[in-house]
Protein chains: 2
Amino acid sequence: MNQASTEQLIDRPARSDHRLILSSRVNGTPVFDDSGERIGHVDDLSIERVSGDVVYAIMSFGGFLGIGEKYHPLPWALLNYDPERGGYVVSLDKTVLKDAPHYDRAELEAFGGPGRDSIDRILTYYGPYGAITY
Amino acid sequence: MNQASTEQLIDRPARSDHRLILSSRVNGTPVFDDSGERIGHVDDLSIERVSGDVVYAIMSFGGFLGIGEKYHPLPWALLNYDPERGGYVVSLDKTVLKDAPHYDRAELEAFGGPGRDSIDRILTYYGPYGAITY
């Protein structure tokens, strides 16, 4: 690329209106609740293969080196990026998140992301909190 | 999740109509040309932060441990997953891909994905090959 446009792009890495983000940068990003408490992080993204839509952020609440860790697919629309905190804010009670459908790593790896049944199950669960029908 | 739905999902990991895929699984996936030659791999995905649309696959043609490696954002719509090859097929001449707009790792990391100018530049480049306007 030419030098002028490189500088223009590098000049705005932290802007909140930054339009695009690398998936490798999303993974590992902390997730906060409304009070600012760090409740977990985004571990992965579940993407619709054909359209390329991110359907869920795969959220983790912790665990030790993945052992006993449970992954909670969270509809993308429920995450709001907060540039000041450097993470996503989810305006849901922690209890709602922890009671949501979740999977262990083997389940996630085996099916590469929830199938249609799980999509329906997760959207039914999060529908009252503003998840968009998919 | 309940046992029945777990088994149902695990039973179909390799189906080509598998609807969702984890971003961690996309990254590293080989890319082939029409003749079946492996021409590179998907190194990362560039995602629109708000909508969650995958705009580009960040394609790499190789390089040694990232040194001297150049990354070519390729509109997602131009990649077709081939379950038999276990990778994506891009029906473009290798010369077209190599002459396309590309960036080094520092550039990618600095701006977290190309900005609007680069989007226009890349879509203008790939438009004749069927890239969808974004």
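Quick note: the coordinates plus some simple rules give every number you see, no bench work behind them. Model, not experiment: these values are computed from the prediction. A quick note on method: Cβ atoms are made from the backbone with ideal geometry, for glycine too, and the neighbour counts reach across all protein chains shown.
Between the amide H of residue B:45 and those of A:23, A:24, B:58, distances stay under 5 Å, these residues lying 5 or more places away or on another chain, with hydrogens modeled in the peptide plane. The label point for residue A:51 and the one for residue A:82, both projected 7 Å from the Cα toward the Cβ, are 2.9 nm apart.
Label point of residue B:124 (7 Å along Cα→beta-carbon): distances to the other copies' equivalent points are 5.0 nm, sorted ascending. Inter-chain neighbour count for B:37-45: the average number of beta-carbon atoms from partner chains within 10 Å of each residue's beta-carbon is 2. Among residues of chain A, the one whose beta-carbon sits closest to the A-to-B rotation axis is listed with its distance in Å as A:23, 2.
Taking amide H atoms as placed 1.01 Å from N in the peptide plane, the amide H of residue B:32 lies under 5 Å from those of B:39, B:88, B:89, B:90, each 5 or more residues away in sequence or on another chain. Evaluate E = 1/(1 + (r/R0)^6) for residue A:70 and residue B:95, where r is the Cβ-Cβ distance and R0 equals 51 Å; express this FRET efficiency to the nearest 0.05. Computed FRET efficiency for residue A:70 and residue B:95 comes out at 0.60. Legend: mean number of C-beta atoms from other chains within 10 angstrom of residue C-beta atoms, peptide B:94-105, equals 1. Each peptide in B:25-35, A:51-61 receives the mean, over its residues, of other Cβ atoms within 10 Å, and ordering these scores from highest gives A:51-61, B:25-35. Taking Lys and Arg as +1 and Asp and Glu as -1, the other residues whose beta-carbon sits under 13 Å from that of residue A:108 total -3. Residue A:70 label point (Cα plus 7 Å toward Cβ) to equivalent points in the other copies: 4.9 nm, shortest first. Karplus-based coupling profile of the range A:44-57, in residue order and whole Hz: 6, 10, 9, 10, 6, 4, 7, 6, x, 7, 6, 8, 10, 8, with θ = phi - 60° in 6.51 cos²θ - 1.76 cosθ + 1.60 and x standing for Gly or Pro. Inter-chain Cβ neighbour count for A:71-82, averaged per residue, equals 1 (cutoff 10 Å, partner chain atoms only).
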